[in-house]
Every structure is written in C-alpha cells, then in structure tokens.
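The values are calculated or read from the model by the stated rules, or taken from the named source; none is laboratory data. What you see is a predicted model; the values in this text were computed from it and never measured. Cβ atoms come from the backbone with ideal geometry, glycine included; neighbour counts cover every protein chain shown. Surface accessibility is based on the protein's heavy atoms, side chains included, excluding ligands, DNA and RNA. Shrake-Rupley method; radii C 1.70, N 1.55, O 1.52, S 1.80 Å.
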Amino acid sequence: MNAIIDFFKGVGDYLATAFDKTFIREARYMMFLDGLKNTLIIALCATILGVAIGALIAMVKTVHKQSGKLKLLNAICEAYTTIIRGTPVVVQLLIMYFIVFANSTRPVLVGIIGFGINSGAYVAEIMRAGINAVDIGQTEAGRSLGLSHGVTMRSIVLPQAIKNVLPAIGNEFISLLKETSVIGFLGVIDLTKAAQRVISRTADPYFPYIAIALVYLGVVCILNYFVTKLEKRLAKSDRT
Amino acid sequence: MTELETMQTNETVAPSDVIIETRDLHKSFVKGKMVLDGIDCTIRRGEQVVVIGPSGGGKSTFLRCLNMLETPTSGQILVNGEDITAKGVDLDKVRAKMGMVFQHFNLFPHFTVLKNITFAPVTLKLQTPEEAEENAMRLLRRIGLEEKAEAYPSQLSGGQKQRIAIVRALAMNPEIMLFDEPTSALDPEMVGEVLDVMKELAKDNMTMVVVTHEMGFAREVADRILFIDQGHILEQGTPEEFFNNPQQPRTKEFLAKVL
Ligand SMILES: Nc1ncnc2c1ncn2[C@@H]1O[C@H](COP(=O)(O)OP(=O)(O)O)[C@@H](O)[C@H]1O
Ligand SMILES: [Mg+2]
C-alpha cells in the first residue's frame with residue numbers, strides 16, 4: 001500500500017518540478033506562447049497566400065478548359081503544381097531559405113512564402129473542385145449579360161466556389177498548422193522549436209514534448225469544432 | 001400585330017428590320033450527330049417568335065447559338081448584319097444587347113435582387129450606379145416586386161425568381177430577348193405571373209424568341225411559330241396556320257400529343 005502511495009507521490013513530485021522548470025522558471029511559458037504565436041501566424045498567412053495562389057491557378061485552368069484561352073498561363077500553372085506536388089515541402093523550404101532568399105534575416109516571412117507557395121498547389125485542386133461544383137448556369141447567365149469570362153469568374157463563380165470550399169480551406173489551415181512544425185531549421189522559433197530550446201536548458205525531453213503535443217491537439221480540436229460548425233451552417237444555407 | 005400586317009412586313013422587309021438571321025446553321029456536339037442540321041431563320045425587329053417541338057429536337061441549342069453560348073459547327077449568324085460567328089467579334093458586346101432567360105432562372109445567389117439587376121450594366125459601364133439603381137427599381141415596380149430589392153434569391157418563390165431574371169435581362173436595354181422554357185421549372189400556380197410579364201413585353205413590341213411548351217401563350221402572343229424537330233425547322237407559320245392547319249405529319253403528331 002505504502003509503495004503505491006509512494007509511487008504516485010513520486011509521479012506527482014516529478015510533474016510538479018517538471019512543470020515548474022518547463023514553464024515557470026525564467027518565465028519560460030513565454031517562449032511557448034511566442035512559439036505558438038509564430039506557428040499560428042505562419043499557418044494563417046500561408047493559408048491566405050495559398051488560397052490566393054490556388055484561386056488564381058484554378059481560374060486559369062478553368063478558363064483554359066472552357067474556352068481554350070490562356071494557353072501559356074495554363075502551362076505555367078501546370079508546371080507549378082507538378083513541381084510543388086512532386087517535391088517535399090522541406091526541400092522547398094531549404095531552396096527558399098538558402099537559395100531564393102539567401103541571407104534573408106526574416107525567416108518567418110520566408111516560412112510564410114514557402115508554405116504559402118506549397119499550399120497554393122494543393123488549394124488549387126480544392127478551388128477547382130469548388131468552381132466545378134458551381135452550376136454552369138451561373139457562368140452562362142453572366143456571359144449572356146455581356147460580362148467577360150474573367151469578370152464572370154471573379155465576381156459570380158469564385159465567391160460561390162469559395163463558399164463551397166470554406167470548410168476544406170479550414171482543414172488546409174489545420175494541416176498547415178501541423179506541417180509548420182518543421183520550420184525550426186530556418187531559425188524560426190515556432191512551438192516545436194520553443195520546446196527544443198527549453199529542453200536544451202532543462203535536459204528533460206519528456207514533459208515539453210508531451211506538453212506541446214497537447215497544445216497542438218488542443219488548437220486543432222478547437223479549429224475542427226469551428227470547421228464542423230461552418231460546414232453545418234453552409235449546408236443549412238444551401239437548403240433554404 | 002394582325003395577320004395582314006405581318007404579311008405586309010414580310011414582303012417589305014428592309015434589311016434594318018432584321019435583327020437576327022441564321023444561314024445554314026449546323027451544330028454537333030459529337031461527330032456524326034447533327035443537333036442542328038441546317039437552320040435558316042430570320043427574326044425581325046418587334047417580332048415575337050415562339051419555338052416549339054419535341055424534347056431533344058434542338059430548340060435550346062438553336063436559342064443558345066443565337067447569342068453564341070454554343071459555338072455553331074458551321075453556318076452564319078448575322079446580328080444586325082454582322083456575322084457573329086466570325087473570328088475577332090466582340091461577343092461580350094453582342095451579348096450585352098441580347099437578353100436571355102433560362103429555365104432555372106440562374107439568379108446570382110450571393111447578390112441581392114437589386115445587385116443581380118444592376119451588376120452587369122454597372123460593371124460594363126453602360127449605366128452609372130445611380131442610373132442602374134433607378135432603372136432597376138422602375139423595372140421592379142413594373143412587376144410589383146420593388147419590396148424585394150434587398151432580398152436574396154433564396155428568399156423568393158420560383159415565379160418571383162423568374163420575373164427578377166427577366167428584369168435582370170431587361171435592365172441591359174436589350175434589342176432582343178431569348179427565353180428558354182422560362183416556365184418549365186415552375187409550380188403550375190406560378191406559370192401565369194411569368195407569362196403575364198412576357199405578354200407585357202410582347203405588347204411593348206420587344207423582339208422575342210421564346211422556347212416553350214405553353215401552347216396557350218404561343219397562340220396568343222406569337223407572330224410566328226417555328227416547329228423544330230431533329231435539328232430542322234420542319235414547319236413555320238402564324239399560330240392560326242400552325243395550330244389549325246399543320247402540314248407535316250410530325251407536326252400533326254406533336255400537336256395531337258400536346259393539345
Ligand atoms: N452540351 C451538350 N453536349 C452534348 N450533347 C448535347 C449538349 N447539349 C445538347 N445536346 C444534345 O443535343 C440534342 C438537342 O438538345 P436540346 O437543344 O437541348 O433540345 P431541346 O431543347 O429541343 O429539348 C439532344 O440530343 C441533346 O442530348
Ligand atoms: Mg431545351
């Protein structure tokens with residue numbers, strides 16, 4: 001009996017000291033908070049950039065398919081998606097950081113651009129599906145009013161497509177949030193890197209790694225909750 | 001227009017009275033199967049042409065060729081004398097003068113009723129926002145829906161949607177209006193209100209080409225009826241001639257079914 005009590009006391013003591021030296025001492029929780037902030041900023045900005053790039057590519061591809069126009073642009077978009085989807089994101093980031101933006105002192109920005117460019121190639125497919133899901137009658141109505149292909153796409157079709165794919169974009173944000181955990185090697189202090197830096201001082205890997213896993217999980221669960229809610233609301237507004 | 005007047009205009013037709021002329025119009029979607037198989041047709045200013053025929057006969061395709069929503073496989077379409085099938089024609093400009101009303105309304109669901117109506121004329125800089133709004137409100141008053149200006153399409157009944165869709169096309173001040181089965185997707189009790197708006201237009205001498213299965217409307221409004229079957233204009237004439245004295249066996253067969 002005493003042995004069991006001692007065991008739990010031991011665990012309790014360990015957790016208390018580990019918590020103390022991981023978060024409290026030297027106000028180390030600030031490192032985690034700053035890390036989380038960077039993680040969220042990079043994921044959010046990269047998602048926005050990805051949606052912009054993805055929408056552009058999807059529009060070019062759709063216009064090309066419908067009218068045969070924009071041959072050159074379409075070829076560029078094809079090349080872009082092939083290259084981005086055919087290479088690892090870490091390699092893309094390395095190329096960004098050490099070649100394209102060599103000597104950059106703003107690794108967060110490089111991370112945003114790198115992940116945004118990567119995400120764009122995937123969002124393009126999401127957007128294309130979203131555009132295809134918009135009734136072709138919308139395009140026909142726009143064109144029959146004398147609106148150009150571009151205006152019809154931008155003002156009539158795309159807003160409806162984005163609404164269709166908002167949940168999917170939410171999911172893309174969630175994936176990016178997790179994917180950005182490799183960004184540390186660019187010198188960005190994100191949530192994962194923050195944990196590593198704390199470990200380098202406390203020499204105790206268990207507590208910080210488990211702790212940030214729980215933070216990631218918590219954030220993802222919260223985001224998932226909102227995406228699901230959004231999905232339900234969109235489904236409802238489609239019915240009325 | 002009385003029959004006599006129609007005949008007179010037929011004989012003394014000046015080129016400027018013709019809005020649309022199709023010459024040997026062909027369209028196929030898959031090789032070897034002609035959906036339109038040589039359509040020659042002239043539509044005059046102020047004329048109301050009703051197109052009828054069995055399903056799959058090519059009526060929609062014919063109508064959609066008139067504003068180049070479908071690209072003809074061969075043949076010519078002259079709009080005010082200009083061949084719009086030629087390369088380099090500014091189709092947006094041509095279409096701006098041709099209103100089209102669809103079976104499924106195709107209102108823009110993310111715009112209010114007012115914006116549905118004003119978006120194209122304002123975007124194309126044909127009207128200032130103020131002019132467009134004034135124009136839209138005047139048209140909405142005419143169909144008794146001015147209180148719906150700020151509503152979204154999802155808040156309207158089918159009949160209201162279609163009337164708004166007609167107004168949206170009218171807001172461009174078109175020279176001609178094309179209707180593709182405008183009442184086919186409506187609940188029966190809403191057909192009348194849409195047909196009434198179309199009758200009003202006809203009274204105002206709007207040039208109209210209407211694909212419909214509403215034989216009462218055709219009889220009442222049409223100057224001329226085109227019977228399209230298997231990609232051909234099989235028969236045409238005034239409602240009188242067409243309904244009372246059809247010539248072709250296929251026409252007789254069709255009329256026996258629908259009347
Ligand atoms: N986009 C298309 N692709 C392939 N076939 C089509 C297309 N549009 C129409 N068709 C075919 O053309 C024929 C005529 O269609 P349509 O003009 O819609 O007839 P209607 O309006 O008289 O019912 C039908 O056999 C239809 O299947
Ligand atoms: Mg049809």
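Side notes on the structure shown:
- Helical runs assigned H by DSSP (4 residues or longer) give chain B a calculated mean residue ellipticity at 222 nm of -11500 deg cm²/dmol, each run adding -39500 (n - 2.57) before division by the residue total.
- Pairwise FRET efficiency - B:Q155 versus A:K236, Cβ, R0 = 25 Å, nearest 0.05: 0.95
- By DSSP, the beta bridges lying fully in chain B are antiparallel in about 55 percent of cases.
- 0 to 90° range, to nearest 10: angle between helix A:29-67 axis and chain A longest Cα axis: 20
- Magnitude of the charge dipole, chain A, Cβ model with Lys/Arg +1 and Asp/Glu -1, debye to 20: 600
- Distance between segment B:201-249 and segment A:1-77 - C-alpha centres, whole angstrom: 65
- Charge dipole of the protein assembly as shown about the Cα centre (unit charges at C-beta), most positive-ward option of A:I136, B:N80, B:P121: A:I136
- Cross-link pairs beyond the 26 Å C-alpha cut-off, checked among A:K178/A:K236; B:K33/B:K93; B:K27/B:K87; B:K27/B:K199: A:K178/A:K236; B:K33/B:K93; B:K27/B:K199
- Stokes-Einstein D in µm²/s, Kirkwood radius over Cα pairs - the protein assembly as shown at 20 °C with 1.002 mPa s viscosity: 79
- Interchain or long-range residues, amide H under 5 Å from B:E235's placed H: B:F227
- Largest to smallest in accessible area, the residues B:C65, A:C221 fall in the order A:C221, B:C65 (1.4 Å probe, all protein chains included).
- Kirkwood analysis of the Cα pair distances in segment B:51-169 returns a hydrodynamic radius of 16.0 Å.
- Amide H contacts of B:M208 (H built 1.01 Å from N, in plane; Pro and chain starts excluded): B:E47, B:Q48, B:V49, B:M177 sit under 5 Å, all sequence-distant by 5 or more or on other chains.
- Per-residue SASA entry for B:S55, accessible area with 1.4 Å probe, Å² rounded to 10: 110
- The residues of the protein assembly as shown present an accessible area of 49 Å² per residue when probed at 1.4 Å with all protein chains retained.
- Dmax and Rg, reported as Rg then Dmax, of chain A (C-alpha, Å): 23.1, 86
- Over segment A:79-184, the ratio between the Cα radius of gyration and 2.2 N^0.38 Å evaluates to 1.34.
- Kirkwood-based Rg to Rh ratio, segment B:128-206, C-alpha trace: 0.95
- Tilt relative to chain A, helix A:191-202 - C-alpha long axis, 0 to 90 degrees, to 10: 20
- Aspartates and glutamates with Cα under 20 Å of B:K31, excluding same-chain neighbours fewer than 8 positions away: B:E70, B:D229
- Backbone N under 17 Å from the B:T73 label point (7 Å along Cα→Cβ), restricted to segment B:219-246: B:229-233
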